[in-house]
Amino acid sequence: MSTTIATTPSGRAFISDNMAGASPRIARAVADAAAGQVLPYGNDPYTECARRRLGEIFEREVDLFPVSTGSAANGLSLAALTPPWGSVLSHPDSHINHDECGAPEFFTGGAKLVDVAGPDTKIDPELLKKAVRRRAGDVHSVQPSVLSISQATESGSVYTLDEIRTLSAIARDAGLRVHMDGARFANALVHLDATPAEMTWKAGVDVLSFGATKNGAMTADAIVSFDPAIATELAFRTKRAGQLTSKMRFQTAQIDAYLTDGLWLDNARQANEMATRLGEGLKAIADTGLLAVPEANILFCRLPQHVTAGLLAEGYAFYHDRWEPGIVRFVTAFSHSAEDIDQLLEAVRRHTR
């Protein structure tokens, strides 16, 4: 008995970069890891190789904790950085605020998420200066404990290195730790043309949620800690959360292949370039309007309702009307080609005539 599975053609899938498949080199790495016998729970050569490779790209020794989802990476990272009576300062539109079903509160044992607003989905430094001191020492209030920044942000903007350093310095001066949600870490990195070290620990970041799934991996994200003092706690929390996998080699083989020969940067660069191409094309079409120039691989724009309906009828998949009527989000992936983008633009033109 055969089963037909409905899928969206890759060239028309713009809901999320999670819709993309896996890079062939990563798929081959998983297949290679399936052969032979190795010790479980990360005591294997694949995990050691991935840890060593991460140390090379971050220019220092790091602690690596592979996890199956970005939500687990965020929740466990925050749990290791804040007490249950603490607060996590983040942008109102951050992923931990909107899209994790209370996972940060669950993993931290009840720490409170506190909004710190700012334009372009970035935290405003002046507002952060107030937030890190708000009711500090007052036993009746949660205590500011962690700053969490998303890089790239949920709107596709990217914090500059100076912005990260500024926010981290404000947090550290007030005794807070710093977490980076790097679900699209590589996309931000290639946009800045920076090094991983410059964008993390050299800028004041303590723990990174290192995303790979959106950029060519299968089910492999990771916690990368730059603070050896919390390694033991993270190890136990990861186990207690059911994220210490027995056959960890299938995750770390992906991470190793992802980082080998710059695959992760090539994939991110392709995704970013396709978002830029789409943005440039939309600017030339009447009745469309970019909300902001994309810096990573996320693009928000305005489309007339009849154009949106026409695209959907043609099989294009993207989020629309979730934020307000007429607002559309397109997310490009490493698997999109210039031809895919040009065909989408031609479809938009056709429906605006």
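The values are calculated or read from the model by the stated rules, or taken from the named source; none is laboratory data. Values in this document were obtained by computation on a predicted structure and should not be read as measured data. Positions of Cβ are generated from backbone atoms using ideal geometry, with glycine treated the same way; all protein chains shown enter the neighbour counts. Ligands, DNA and RNA are stripped out before the accessible areas are found, and what is left, the full protein with its side chains, is counted by its heavy atoms. Shrake-Rupley method; radii C 1.70, N 1.55, O 1.52, S 1.80 Å.
Mind listing just one residue for me: the one in region 1-18 that is among the polar types (S, T, N, Q) and farther than 17 Å from V328 by Cα and, of those, modelled with the highest pLDDT? Don't jump to the end; show me each part of the working.
First, pick out the residues of region 1-18 that are among the polar types (S, T, N, Q): 2-4, 7-8, 10, 16, 18.
Next, from what is left, pick out any that are farther than 17 Å from V328 by Cα: 2-4, 7-8, 10, 18.
Working: S2: 44, T3: 46, T4: 44, T7: 71, T8: 81, S10: 77, N18: 94.
Checking each candidate, the answer is N18.
Just to be sure I understand the filter: pairs with C-beta atoms under 6 Å, separated by 6 or more residues or on different chains, first member in region 133-152 and closer than 15 Å to P83 by Cα, second member among the charged types (D, E, K, R) and not in a loop (DSSP other than H, G, I, E, B). Which pairs pass?
Close Cβ pairs satisfying both conditions: V142/K112; V146/R177.
Step by step: first the residues of region 276-291, then only those that are surrounded by 19 or more Cβ atoms within 10 Å (Cβ to Cβ) and over 24 Å from the mean Cα position of the chain (by Cα), then the one that is farthest from D342 (Cα to Cα). Which residue is that?
T288
What residue, among those in region 176-219 that are of a type in the set (A, V, I, L, M) and assigned to a helix (DSSP H, G or I), is surrounded by the fewest Cβ atoms within 10 Å (Cβ to Cβ)?
Step by step, filter region 176-219, then rank; the result is A197.
Which of (1) open to solvent by less than 10 Å² (accessible area, probe 1.4 Å); (2) of a type in the set (A, V, I, L, M); (3) out of contact with any helix residue (DSSP H, G or I) (no Cβ under 6 Å at 6 or more places or on another chain) is the odd one out, the single condition L312 does not satisfy?
Status for L312: all satisfied but (1).
Can you pull out every residue in region 98-144 that is of a type outside the set (A, V, I, L, M, F, W, C), over 16 Å from S168 (Cα atoms), open to solvent by less than 90 Å² (accessible area, probe 1.4 Å) and in contact with a strand residue (DSSP E or B) (Cβ under 8 Å, 6 or more places away or on another chain)?
P104, E105, T108, D115, T121, G137, Q143
Could you check how many residues of region 223-265 are free of Cβ contacts under 8 Å to residues at least 24 places away in the same chain and assigned to a helix (DSSP H, G or I)?
7
Listed residues F318, F330; which is within 21 Å of V190 (Cβ to Cβ) and of a type in the set (F, W, Y)?
F330
I'm told L259 meets every condition in (1) open to solvent by 40 Å² or more (accessible area, probe 1.4 Å); (2) out of contact with any strand residue (DSSP E or B) (no Cβ under 9 Å at 6 or more places or on another chain) except one. Can you identify the failing condition by its number?
(1)
Which members of region 292-316 meet the condition of being part of a loop (DSSP other than H, G, I, E, B) and without any contact (Cβ under 8 Å) to a residue 40 or more places away in the chain?
V293 - this is the single residue of region 292-316 that is part of a loop (DSSP other than H, G, I, E, B) and without any contact (Cβ under 8 Å) to a residue 40 or more places away in the chain.
Residues of region 319-349 being under 18 Å from T7 (Cβ atoms), open to solvent by less than 10 Å² (accessible area, probe 1.4 Å) and hydrophobic (A, V, I, L, M, F, W, C), which ones?
V331, A333, L344
Looking at region 39-56, can you tell me whether even one residue there is acidic (D, E), at pLDDT 95 or above and open to solvent by less than 40 Å² (accessible area, probe 1.4 Å)?
Yes, there is a match, as at least one residue in region 39-56 is acidic (D, E), at pLDDT 95 or above and open to solvent by less than 40 Å² (accessible area, probe 1.4 Å).
Looking at region 23-51, I want the residues that are over 21 Å from T213 (Cβ atoms) and have a partner that is among the acidic types (D, E) and outside any helix (DSSP H, G or I) with Cβ atoms under 7 Å, at least 6 apart or on another chain. Which pairs are those?
V38/D44
Here's a check for you: in region 159-175, which residue that is under 17 Å from the mean Cα position of the chain (by Cα) and part of a loop (DSSP other than H, G, I, E, B) is surrounded by the fewest Cβ atoms within 10 Å (Cβ to Cβ)?
T160
Looking only at region 317-341, count how many residues are in a loop (DSSP other than H, G, I, E, B) and more than 25 Å from M218 (Cβ to Cβ).
Adding up the residues that qualify gives 6.
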